[in-house]
1. What fraction, in whole percent, of alpha-carbon pairs in the stretch 12-94 exceed 15 Å separation?
2. Just flag the chymotrypsin sites (Phe, Trp or Tyr not before Pro) in the chain sitting in loop per DSSP whose Cβ has no more than 11 other Cβ atoms within 10 Å.
3. What is the gain in length, in nm to one decimal, between Arg3 and Gln26 on full extension, counting 0.36 nm per residue of separation less the C-alpha to C-alpha distance?
4. Which value, in debye to the nearest 20, describes the size of the charge dipole of the chain about its Cα centre when Lys and Arg Cβ atoms bear +1, Asp and Glu Cβ atoms bear -1, and nothing else is charged?
5. Could you work out which residue, out of Ala22, Ala11, Ala43, moves most in a Gaussian network model of the chain, that is, has the largest mean-square fluctuation with Cα springs under 10 Å?
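Just so it is clear, none of the values below were taken in a lab; they were calculated from the coordinates. Note that this is a predicted model, so its numbers are computed, not measured. Please note: Cβ atoms are built from the backbone with ideal geometry, for glycine as well, and neighbour counts cover all protein chains shown.
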Amino acid sequence: MLREFPVAEDAGLEVGQDVRVADVFQAGDVVDVTGISKGKGTAGVMKRHHFSGFPGSHGTHEYFRHGGSIGNRSYPGRVFKGKRMSGRYGATSA
């Protein structure tokens, strides 16, 4: 894997030279690593938020993997921000 990071001018490196991890870092050095998770496209609430779903008996019909109720009636009359719902899953920086 190819990555670029700054080094001091007096490091004694030449253009095209292989640089190993042991040449740059010592045991116990703290390294900040960031990345992007694998994108999974549009996902439902069971895959995205690990909802359990509805029971497979007691009259449940075509409603096994849905999220259920999302809000109240007249008060507050809206859906709260941050409500866990289906949508794009993955491809986020960590």
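1. 76 percent
2. The qualifying sites are Phe25, Tyr63, Phe64, Phe80.
3. Working it through step by step, the gained length comes to 6.5 nm.
4. Magnitude of the dipole: close to 1460 debye.
5. Ala11
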